[in-house]
1. Over the Cα atoms of the chain, how large are the radius of gyration and the largest Cα-Cα distance (Dmax), in Å?
2. What residue among Ala79, Asn18, Gln120 has its Cα farthest toward the positive end of the dipole of the chain, where the charges are +1 on Lys, Arg and -1 on Asp, Glu, each on the Cβ?
3. For the cross-link pairs Lys96/Lys228; Lys73/Lys244; Lys73/Lys166; Lys5/Lys73, which exceed 28 Å when the distance is taken from alpha carbon to alpha carbon?
4. Going by Cα centres, region 192-214 and region 229-253 are how many Å apart?
5. List the residues whose amide H sits under 5 Å from the amide H of Leu187, counting only those 5 or more places along or on another chain, with H placed 1.01 Å from N in the peptide plane.
6. Using the Cβ atoms and a cut-off under 9 Å, what net charge is assigned to the surroundings of Gly242, where Lys and Arg are +1 and Asp and Glu are -1?
7. When the gyration tensor of region 138-200 is built from Cα positions, what are the square roots of 5 times its three eigenvalues, in whole Å, from largest to smallest?
8. What percentages make up the Cα-Cα pair-distance distribution of region 208-299 when the bins are 5 Å wide from 0?
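Where a number appears in this text, it was derived from the coordinates with a stated rule and is not lab data. None of the values given here were measured: they were computed from a predicted structure. Here Cβ is always computed from backbone atoms with ideal geometry, including for glycine, and neighbour counts include all displayed protein chains.
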Amino acid sequence: MAACKLLTRERATQLLANIDTVLTDCDGVLWQGMEALPGAAKTIAKLREMGKRVLFVTNNSTKSRLSYVEKFKNLGFEANEDEVYGTAYIAALYLKNIAKVTGKVYLVGNTEMAKELDLQGISYTGTGPDPIEGTVTDWKTLPLDPEVTTVLIGFDEHLSYMKMIKAASYLSNENVQFVATNTDEKLPVGNGRVIPGTGCILAAVHTAADRDPIILGKPSKFMFEVMKEKFDLDPNRTLMIGDKLNTDIMLGHNCGLTTLLVLSGVTSLEEARQMQASNSIEHQKCVPHYYLPNMGELGDLL
Ligand code: PLP
Ligand code: CA
């Protein structure tokens, strides 16, 4: 099992000699919200100079691949569309190629998720605000779209009680598929403000529908399998860098990758040590092989 060791210069040299591909999480590793983290862009450039392939892996469903490329550029990083794996893209890909969706998707998500569905030629309904108007006297006659065959849940700042009712109602038909982008509980914004993440939206629908969704983002293997097939990746020669234990680090363990935790995001070293001290297999999958304070320090070691 992984030992959560500080990545020293000697260990970094040894590790990188056996790595071809670096997967890196975005928020908390490369940037925090709209601000790049110090040294991260330089580290990415250095890894590329060393001949490593760098791929970006984020559970944030609020941007299409194209919008991510723009964000990378604005924050001083270089990335092309093929190198960015966000859950909006991954969900559209899954629905097209694996679920082979016919009919429509009921989308609890934003317009960027809708863009990725458009690119895959998938029809959908449900974007934008959908409040309850006035007093509903007969819920039994609430109009539902008979063409809906799939419910897809992502981050939706317009989540409403009406959307929860519709999602759960579509899912009362067992032939309707239930798919979700990710389960992140909350998003760090600081200053004592808590932004509930997609996991909260999903928990509401999951509870009402009493059904388990297929989850596509980290720690699910699906994202890695897509990248593996596209770039012919060898898990034994792939490093996963992240700031969250039950998504990034667990993804690494689920896929047989080496893992590096950076402490610039949502996790402290104490939390990683608590996982290490636990006997539970789930917790052991949250223990990284290595840790560093931040991405900038990785660049300094190379
Ligand atoms: N989901 C949403 C809606 C977010 O805004 C974020 C981070 O900003 C995340 C998930 C987590 O993203 P990442 O996997 O890049 O840390
Ligand atoms: Ca993160």
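1. Answer for the chain, Rg first and Dmax second: 20.0, 70 Å.
2. Asn18
3. Lys73/Lys166; Lys5/Lys73
4. 25 Å
5. So Leu187 has HN proximity to Ile195, Gly197.
6. Taking every other residue near Gly242 into account, the sum is -1.
7. Working: eigenvalues 157, 40, 11 Å².
Semi-axes from the Cα gyration tensor: 28, 14, 8 Å.
8. 3, 14, 23, 21, 17, 13, 6, 3, 1, 0
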